[in-house]
Amino acid sequence: MRSVYILLLSVMLVCFGCQWRLSSSDDKQETRVTVERYDRIESLYLKTGDYAALQQMNTVYPQQTRTLIEDVLRIGQVNDPEISVKFLGFFQDSVLQTLIASAEQQYANMDDIDRELTDAFGRLSEMIPGLEIPQVYAQIGSLDQSVIVGHGTLGISLDKYLGKDYPLYLREDFGYSERQRRVMTRENIVPDCIGFFLLSLYPLPGDHEPTQLERDMHMGKVQWVVNKAMDKAFFNTLYTRNVGHYMRQHPDVTVDEMLRNNYFISSPDVRDELTPSKHE
């Protein structure tokens, strides 16, 4: 028992973004995905200017901080001696301070998101063997990108998921359409995470300029896999239905093969249903 305990403790220490637990039968392990609360440290610094919080952002979450400053906010280089002043000053805007407060209130607890991510990534790992699950974290952006994927991490910008009727989203100067606001909800976080993660692994082939049909079918393939990972029809479009039809007719095709190739787009059972008159 002592050796088993030491082994389990070692695995827990190595795995930074995930926790592991033994199943009741002790013969398999399940990856538990937990959202790292980078947003809390970020919020503390942006509200109080706490230098300790800034130090924690730079030492514990260096990649997340670089991505936020250089790729999301695009306010400079993370190694700029004045970047902390620029970063703090950028968020003194009243709108951004409101977003910080709203995100803190709405996402004080993210246990439900953790459970959904754990289930979804678990099913995805079964569909795509050898899949490396990213470290998932939450952040506050500036109403720019919703999910950021790269360098083994997946960042959720909570400011983009405050609800379709969130007052700031309704302002005319923000320009969000009703269709856009429908997906800016808590319920869309996990589907977006899985979808953007898949798109980072399976981009459209770059050997030619894709046609609109190829773009639509590729998104349909990704959304079909998201539905499978979520274990519900979150997306229900002409394209997801056709992908489902194709996969039922070709059980020998793996999910990895289906996502990597566009060969099935031209197969009759799919092409014939994608006439302009039948587009949704």
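A few points about this structure:
- Applying the condition of being hydroxyl-bearing (Ser, Thr, Tyr) and within 17 Å of ASP159 (Cβ to Cβ) to the stretch 66-97 and asking which residue is modelled with the highest pLDDT yields THR67.
- Of all residues in the stretch 159-173 being open to solvent by 40 Å² or more (accessible area, probe 1.4 Å) and in contact (Cβ under 8 Å) with a residue 12 or more places away in the chain, the one that is nearest to LEU68 (Cα to Cα): LYS164
- Which listed residue is modelled with pLDDT of 95 or more and under 24 Å from PRO129 (Cα atoms), from VAL243, VAL225: VAL225
- If you go through the stretch 75-96 and keep only what is outside any helix (DSSP H, G or I) and open to solvent by 30 Å² or more (accessible area, probe 1.4 Å), you end up with ILE75, GLN77, VAL78, ASN79, ASP80, PRO81, GLU82, GLN92, ASP93.
- Pick from the stretch 196-223, criterion open to solvent by 20 Å² or more (accessible area, probe 1.4 Å) and of a type in the set (A, V, I, L, M), ranking: farthest from THR153 (Cα to Cα): LEU213
- Subset of the stretch 59-95 (residues that are over 16 Å from ALA138 (Cα atoms) and aliphatic (A, V, I, L, M)): ILE75, VAL78, ILE83, VAL85, LEU88, VAL95
- Count of the stretch 47-59 residues which are among the hydrophobic types (A, V, I, L, M, F, W, C) and free of Cβ contacts under 8 Å to residues at least 12 places away in the same chain: 1
- Qualifying residue in the stretch 40-54 (condition: at pLDDT 95 or above, of a type in the set (S, T, N, Q) and under 16 Å from TYR161 (Cβ atoms)): yes
- Evaluation of VAL190 against the conditions (1) closer than 24 Å to SER43 by Cβ; (2) crowded, with 20+ Cβ neighbours inside 10 Å; (3) over 12 Å from the mean Cα position of the chain (by Cα) shows that the sole unmet condition is (3).
- Scan of the stretch 32-62 for residues that are under 19 Å from VAL147 (Cβ atoms), surrounded by 15 or more Cβ atoms within 10 Å (Cβ to Cβ), within 16 Å of the chain's Cα centre (by Cα) and of a type outside the set (Phe, Trp, Tyr), ordered by number: VAL33, THR34, VAL35, GLU36, ASP39
- When restricted to residues that are assigned to a loop (DSSP other than H, G, I, E, B), under 29 Å from ILE133 (Cα atoms) and of a type outside the set (A, V, I, L, M), the stretch 185-208 contains 6.
- Filtering the stretch 8-30 for residues that are open to solvent by 80 Å² or more (accessible area, probe 1.4 Å) and at pLDDT 95 or above leaves an empty set.
- Looking across the stretch 142-156, the residues that are within 11 Å of PHE196 (Cβ to Cβ) and part of a strand (DSSP E or B) come down to VAL147, ILE148, VAL149, GLY150, LEU154, GLY155, ILE156.
- Number of residues in the stretch 114-136 that are in a helix (DSSP H, G or I) and in contact with a strand residue (DSSP E or B) (Cβ under 8 Å, 6 or more places away or on another chain): the value is 6.
- Residue within the stretch 174-184 that is assigned to a helix (DSSP H, G or I), touching a Lys or Arg at 6+ places or on another chain (Cβ under 6 Å), open to solvent by less than 10 Å² (accessible area, probe 1.4 Å) and at pLDDT 95 or above present: no
- Any hit, the stretch 224-244, residues being β-branched (Val, Ile, Thr), open to solvent by 10 Å² or more (accessible area, probe 1.4 Å) and either under 19 Å from LEU154 (Cα atoms) or in contact (Cβ under 8 Å) with a residue 24 or more places away in the chain (or both): yes
The values are calculated or read from the model by the stated rules, or taken from the named source; none is laboratory data. Quick caveat, the model's predicted, so the values are computed rather than measured. All Cβ positions, even for glycine, are placed from backbone atoms using ideal geometry, and neighbour counts span all protein chains on display. Heavy atoms of the whole protein, side chains included, go into the accessibility calculation; ligands, DNA and RNA do not. Shrake-Rupley method; radii C 1.70, N 1.55, O 1.52, S 1.80 Å.
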